[in-house]
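S.K.: Below: one structure in structure tokens.
The values are calculated or read from the model by the stated rules, or taken from the named source; none is laboratory data. Being a predicted model, the structure only gives us computed values, none of them experimental. Cβ: placed from backbone, ideal geometry, glycine included. Neighbour counts: every protein chain shown. Heavy atoms of the whole protein, side chains included, go into the accessibility calculation; ligands, DNA and RNA do not. Shrake-Rupley method; radii C 1.70, N 1.55, O 1.52, S 1.80 Å.
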Amino acid sequence: MRPQGLWLMLAASAAVLGACSTTTPPTGPATAPAGMKWNAFATPDAEQRLAYGLPDSDAVGIIFSCRRKATSVGFLTNLVEGKPGSGSVRLRSGKVQGRYAARLTRSEIADGLDATGQIPLADPVLAAFEQTGLISQIEDRAYPQDARTSAERADIRRFFGFCRG
């Protein structure tokens with residue numbers, strides 16, 4: 001066999017073996033679906049909400065909620081893994097992160113579990129989020145839920161201002 005043919009055969013064999021590999025390369029966080037953004041709004045029962053999702057849809061990454069002069073902020077998010085019952089959600093804003101107790105229930109809208117809980121309003125992760133607009137859920141390699149526009153950052157500040165009263 002000529003040297004060119006041998007190299008071609010070796011390259012083809014390596015390509016076939018690579019295609020048969022059962023291991024996948026490590027992946028980082030997923031990317032946010034196009035159009036996801038932060039939006040603050042009031043509910044009919046005098047509650048303020050801050051949601052990261054696709055406007056006018058059920059596609060929501062996380063929802064924060066509070067009443068005026070609150071001491072804590074409620075959250076609702078989705079976890080892909082876990083089982084119903086007690087659990088936790090970890091959030092990060094910049095270098096600050098925290099773990100928060102959550103009640104896990106089967107989601108009626110999405111795959112996985114709905115995680116609901118409370119975070120103290122003075123929590124360092126929430127304070128960093130209010131200042132920077134940066135936040136992400138650590139579980140499930142969730143995509144960052146960062147505010148990308150000045151309008152989103154204004155909604156975040158307005159939400160926390162309402163909560164404090």
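Conditions (1) part of a loop (DSSP other than H, G, I, E, B); (2) out of contact with any Gly (no Cβ under 8 Å at 6 or more places or on another chain); (3) closer than 19 Å to K37 by Cβ, marked per residue:
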{"position": "S57", "(1), (2), (3)": "yes, yes, yes"}
{"position": "G74", "(1), (2), (3)": "no, no, no"}
{"position": "K83", "(1), (2), (3)": "yes, yes, no"}
{"position": "G98", "(1), (2), (3)": "no, yes, no"}
{"position": "T105", "(1), (2), (3)": "no, yes, no"}
{"position": "E108", "(1), (2), (3)": "yes, yes, no"}
{"position": "Q118", "(1), (2), (3)": "no, no, no"}
{"position": "E130", "(1), (2), (3)": "no, yes, yes"}
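S.K.: Just to be sure, is G74 closer than 21 Å to R157 by Cα, at pLDDT 95 or above and surrounded by 14 or more Cβ atoms within 10 Å (Cβ to Cβ)? It would help to see each step written out before you state the result.
M.R.: On the way: closer than 21 Å to R157 by Cα: yes; at pLDDT 95 or above: yes; surrounded by 14 or more Cβ atoms within 10 Å (Cβ to Cβ): yes.
So G74 passes the test.
S.K.: Report, by residue number, each residue of the range 103-150 that is among the charged types (D, E, K, R), more than 15 Å from the chain's Cα centre (by Cα) and either under 13 Å from R92 (Cα atoms) or surrounded by 13 or more Cβ atoms within 10 Å (Cβ to Cβ) (or both). Step through it out loud before you land on a result.
M.R.: Just the residues of the range 103-150 that are among the charged types (D, E, K, R), to begin with: 103, 106, 108, 111, 114, 123, 130, 139-141, 146, 148.
So of that shortlist, the ones also more than 15 Å from the chain's Cα centre (by Cα) come out as 103, 106, 108, 123, 130.
R103, D123, E130, listed by residue number.
S.K.: Does R153 meet the test of being open to solvent by 50 Å² or more (accessible area, probe 1.4 Å), over 22 Å from E47 (Cβ atoms), not hydrophobic (A, V, I, L, M, F, W, C) and not in a loop (DSSP other than H, G, I, E, B)? First the steps, then the outcome.
M.R.: Details: open to solvent by 50 Å² or more (accessible area, probe 1.4 Å): yes; over 22 Å from E47 (Cβ atoms): no; not hydrophobic (A, V, I, L, M, F, W, C): yes; not in a loop (DSSP other than H, G, I, E, B): yes.
So R153 does not fit the description; no.
S.K.: Sticking with this structure for a sec: Here is a check on your reading of the model: is E108 of a type in the set (D, E) and in contact with a Lys or Arg (Cβ under 7 Å, 6 or more places away or on another chain)? First the steps, then the outcome.
M.R.: Details: of a type in the set (D, E): yes; in contact with a Lys or Arg (Cβ under 7 Å, 6 or more places away or on another chain): no.
So E108 fails the test.
S.K.: Next question. Out of all the residues in the range 32-71, which are β-branched (V, I, T), surrounded by 15 or more Cβ atoms within 10 Å (Cβ to Cβ) and under 15 Å from F162 (Cβ atoms)?
M.R.: Once the filter is applied, which keeps residues that are β-branched (V, I, T), surrounded by 15 or more Cβ atoms within 10 Å (Cβ to Cβ) and under 15 Å from F162 (Cβ atoms), the range 32-71 yields only I63.
S.K.: Looking only at residues in the range 77-102 that are touching a residue at least 60 places away in the same chain (Cβ under 8 Å) and touching a helix residue (DSSP H, G or I) at 6+ places or on another chain (Cβ under 6 Å), which one is most open to solvent (accessible area, probe 1.4 Å)?
M.R.: First pass over the range 77-102, keeping only residues touching a residue at least 60 places away in the same chain (Cβ under 8 Å): 77, 79-80.
Going one step further and asking which of them are touching a helix residue (DSSP H, G or I) at 6+ places or on another chain (Cβ under 6 Å), we end up with 79-80.
Working: L79: 8, V80: 102 Å².
Within the range 77-102, the match that is most open to solvent (accessible area, probe 1.4 Å) is V80.
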